[in-house]
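Asker: The structure follows.
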Amino acid sequence: MIVAGEASGDLHGGNLVRAMLEIDPDLSFYGVGGKKMQTAGVELLADAADMAVVGLTEVVLKLGMILRVMRRLKSSLAKTPPELVILIDYPDFNLPLARAARRRGIKVLYYISPQVWAWRKDRIDIIRNAVDRMAVILPFEEEFYRKAGVDVAFVGHPLLDEVRRKYPRIAALKRFGLRDEAITVAILPGSRKSEVARLLPEMLRACRILTEKISPLQFVLPLAGTLAPDFVRDILRQFPVRVNVIPDEIYDVIAVSDAAIVASGTATLETALLETPMVVVYKVSGVSYAVGRRFIRVDHISLVNLIAGRPVVPELIQDDANPERIAAEVRELIARRGKAREMKLALAEIRGKLGTPGASRRTAQIACDMLNN
């Protein structure tokens, strides 16, 4: 069984499944994921796109469906127990599933750690008691888990194998219908519908402000695979800003952009690895934010700043994630070339802190070793 609850988990899960099948072609997989896991050979019992949420109030709207999927997976643990359960991030769903597997004596590998080092550190006790092995992808996580008595291995970050451009700059601009002489701003509003519905309108209002200040200017939005094109276009139609929507080409879109407006999450790290200057935005419901503030114990919200250990990129959180502030920060990156160059140099250092390529292969070997022992 393999379970991932959002777009990034689907990507890494698909790569992990392929790597495991290279080691042992006779393996079979089922669980929760998206198109990439399905293409890799996973029989899906539920689609990750239907389960991806941000914040407490957003969970309530999908709670019934999420509980139905949980019941189905737990039932499969009893009726046709898998030899191994692989859980990818998505902790509020996956940790209860880990405990259910442990009660039935089924081995559990957790790939891509819940951010227990940032908030709700009490979950470390659940992990210690319910997870057989952790495969972590951030450099500081290994020591954290080892000190807590968890069997852990730092496998490097899987994005090191993924993030690369396919096309030279001029070819990419032509492919995306962009002008070489114009300043290009990428818009990355997230991969979950609730997240995009909340952030994309704010980003588009900021783009409108930028068009009044800077010319020539063009905007491009790489469409996440978990999002329906019509859903995004319905939002875009409400704003007088022309945006090129490009499906399935996120890395080349980011690479040709002079600056990016990025929802906090995996996309910030993808943007960093392509060394594109960015502004990070984060916004959830008022209730979710109020609760989160009481528990989160880190100085930064973006993976870029967390890994760097210092503020490399600006973070606009909640009320600060408004059109005026977003536009002002992007304008700074465009107008002050020195600031953009300084950020690019800092982003280049991030890659060296993420280990070496091959995270999927290393994790696959751990998983196969667990199956054989």
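Since every read-out is calculated from the coordinates, none of them should be taken as a lab result. Just so it is clear, the structure is predicted and the values come from calculations on it, not from any experiment. All Cβ positions, glycine included, derive from the backbone under ideal geometry; neighbour counts span all protein chains shown.
Asker: Treat the count of other C-beta atoms within 10 Å as a stand-in for reagent exposure and order HIS300, HIS12 from fewest to most. Working shown, then result.
Answerer: Values: HIS300 19, HIS12 28.
Neighbour counts put them in this order, fewest first: HIS300, HIS12.
Asker: Further, regarding this structure: Report the full-extension gain for the segment MET370 to GLU181: residue separation times 0.36 nm, less the Cα-Cα distance, to one decimal in nm.
Answerer: Roughly 62.6 nm would be gained on extension.
Asker: What angle do you read, to the nearest 10 degrees and between 0 and 90, between the alpha-carbon axis of helix 7-23 and the longest principal axis of the chain?
Answerer: 50 degrees
Asker: Over the chain, what relative contact order in percent results from Cα pairs under 8 Å that are six or more residues apart?
Answerer: Rounded, it is 18 percent for the chain.
Asker: What relative contact order, as a whole-number percentage, does segment 169-352 give when Cα pairs under 8 Å and 6 or more residues apart are counted? Don't skip to the end; give the middle numbers.
Answerer: Numbers: 308 pairs, mean separation 44.1, N = 184.
Result for segment 169-352 is 24 percent.
Asker: So, one more: As an exercise, identify the trypsin sites (Lys or Arg not before Pro) in segment 130-188 lying in DSSP coil whose Cβ has no more than 10 other Cβ atoms within 10 Å.
Answerer: Numbers: sites: ARG133, ARG146, LYS147, ARG164, ARG165, LYS166, ARG169, LYS174, ARG175, ARG179; in loops: ARG164, ARG165, LYS166, ARG179.
Answer in residue order: no site qualifies.
Asker: Cα gyration tensor of segment 1-157, axes a ≥ b ≥ c as square roots of the eigenvalues: rounded (a/c below 1.5), prolate (a/b > b/c) or oblate?
Answerer: Working: a/c = 1.33, a/b = 1.11, b/c = 1.20.
Cα axes put segment 1-157 in the rounded bin.
Asker: Same structure, new question: Give me ILE350, ILE137 ranked fewest to most by other Cβ atoms within 10 Å of their Cβ, as a rough exposure proxy. The partial results should precede the final answer.
Answerer: Numbers: ILE350 20, ILE137 23.
Starting with the residue having the fewest Cβ neighbours, the order is ILE350, ILE137.
Asker: Run the helix sum for the chain: -39,500 (n - 2.57) per DSSP H stretch of 4+ residues, divided by residue count, reported at 222 nm to the nearest 500 deg cm²/dmol.
Answerer: -15500 deg cm²/dmol
Asker: With the cut-off at 1.5 for a/c, could you classify segment 206-357 from its C-alpha gyration tensor as rounded, prolate or oblate?
Answerer: It is rounded, given that a/c, with a ≥ b ≥ c, falls under 1.5.
Asker: Rounded if a/c is under 1.5, else prolate if a/b beats b/c, else oblate: with a ≥ b ≥ c from the C-alpha gyration tensor eigenvalues square-rooted, which is segment 131-181? Don't jump to the answer; show the numbers that get you there.
Answerer: Working: a/c = 5.80, a/b = 4.40, b/c = 1.32.
Verdict is prolate for segment 131-181.
Asker: Using only the alpha-carbon atoms, how far is helix 323-335 inclined from the longest principal axis of the chain? Give it as 0 to 90 degrees, nearest 10.
Answerer: Orientation of helix 323-335: about 70 degrees from the principal axis.
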